[in-house]
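No lab work stands behind these numbers, since they all come straight from the coordinates. Worth saying up front: this structure is predicted, and the values here are computed from it rather than measured. We place every Cβ from the backbone using ideal geometry, glycine too, and count neighbours over all the protein chains shown.
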Amino acid sequence: MAKVLVVDDSPVDRRVAGSFLENRPADSGDKEPSGITVVYANDGKEGLAAVEREKPDLVVTDIQMPNMNGLELVEAVKNDFPNVPVIIMTAHGSEEIARQALLSGAASYVPKRVLASDLLATVEEILSVSAAREEKQRMLRECWRQNESQFVLPNLISYIAPLIGHLRENLAGIKLDENGLIRIAVCLREALTNAMIHGNLQIDSAMREHDEKGYYALIEKRADEEPYADRYVHVSARHSAQGAAYTVRDEGPGFDYGALPDPTDPANLERVSGRGMLLIQTFMDEVRHNAQGNEITMFKRGEG
């Protein structure tokens, strides 16, 4: 059972976030346990002490808190407990601090207004990435040199996690800390999701801002319709001791990447649309797009 530390100076917000993590809504409307144990801290200073005392697998923290804010907590955890990933909860007015937290080492973020739908899924994704064995990483770092692979995926979201898990095994040979490995996995998930949903199925992410239910219904519908169902996502991966390079190409008509919300503008942090590109631009060392707008190439260098 995983242990997650929730840090927030608001008692109500702490308990709300904790309830979203401890229980998952079932189809019947009842709640069933998620397999996650939640412990709590009132602010960043207490949170840092709790990381040492409780040894959580992951930290979820608010940004604006007294004594030690979320940015300072992210920096402290990265320095003192580099294998413990941190997810930040953002709210209107905290965008600039949240952006700095991502740059300083946070593994991902979830806007507070979508905690109910996104928090548990984000936490489970990060936890699954963190589960790799350290012994296997050490062996690969000593013995492995390079490999390349290619994949052609149908528009099935369920295929994304297994593919990332496979690619994650090759990442073990690259000199990166656990947080760096998690960030690559997060970027791969965003790029693959964008290629399937926005590229091949041609569904605008802005739709989720005002009609989340209709957004997911349209994904289901178009996955079985022509011409969308006949399109595939092409993935190439190259891993070496120096780093990793990934190219993700969809078969959609493409679009103008320049028209996306500026991922470096903190004001866009609260928007659901553009979230993927913000994370990719923040976490990767270099990002390129082709002229048609249906292909992205991402580079991450190894440390040292």
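Could you identify which residue out of Ile197, Ile87, Ile219 has the top mean-square fluctuation in a GNM of the chain using Cα springs shorter than 10 Å?
Checking each option, the largest mean-square fluctuation is seen for Ile219.
Of all beta bridges DSSP finds with both residues in the chain, what is the antiparallel percent, to the nearest 5?
60
Which one of Glu124, Glu142, Glu54 has the biggest mean-square fluctuation once the chain is modelled by GNM with Cα springs under 10 Å?
Largest GNM mean-square fluctuation: Glu142.
I'd like to know which of His210, Tyr232, Pro253 lies farthest towards the positive end of the charge dipole of segment 134-301, counting +1 on Cβ of Lys and Arg and -1 on Cβ of Asp and Glu.
Ranked along the dipole, the leading option is Tyr232.
Hey, what does the equivalent ellipsoid look like for the chain, semi-axes from the Cα gyration tensor as sqrt of 5 times each eigenvalue, largest first, whole Å?
Sorted largest first and rounded, they come to 30, 24, 18 Å.
Once both labels are modelled 7 Å past Cα along the beta-carbon direction, what's the Glu209-Leu156 spacing in nm?
3.4
What residue among Val86, Val59, Val248 shows peak mean-square fluctuation when the chain is described by a Gaussian network model with Cα springs under 10 Å?
Val248
Report the rotationally averaged projected area of segment 2-130 based on its alpha-carbon convex hull, in square nanometres.
The number I arrive at for segment 2-130 is 7.2 nm².
With each label point set 7 Å from Cα along the Cα-Cβ vector, what nm distance links Asn147 and Glu225?
4.0
Given Lys55/Lys300; Lys55/Lys175; Lys3/Lys175; Lys112/Lys300; Lys78/Lys221, which pairs have Cα atoms separated by over 32 Å?
Lys78/Lys221
Please get the size of the charge dipole for segment 2-130, origin at its Cα centre, with Cβ charges of +1 on Lys and Arg and -1 on Asp and Glu, quoted in debye to the nearest 20.
40
Using the Cβ atoms and a cut-off under 13 Å, what net charge is assigned to the surroundings of Asn194, where Lys and Arg are +1 and Asp and Glu are -1?
Neighbourhood net charge equals 0.
Using only DSSP helix segments of four residues or longer, with each worth -39500 (n - 2.57), what per-residue ellipticity at 222 nm results for the chain after dividing by its residue count and rounding to 500?
-12000 deg cm²/dmol
Could you work out the pair-distance distribution P(r) of segment 134-301 from its alpha-carbon pairs, with 10 angstrom bin width and percents rounded to whole numbers?
Going out from 0 Å in 10 Å bins, segment 134-301 shows 10, 37, 34, 15, 3, 0 percent.
Please state the relative contact order of segment 2-130 as a whole percent: Cα pairs under 8 Å, 6+ residues apart?
Contact order relative to length: 24 percent.
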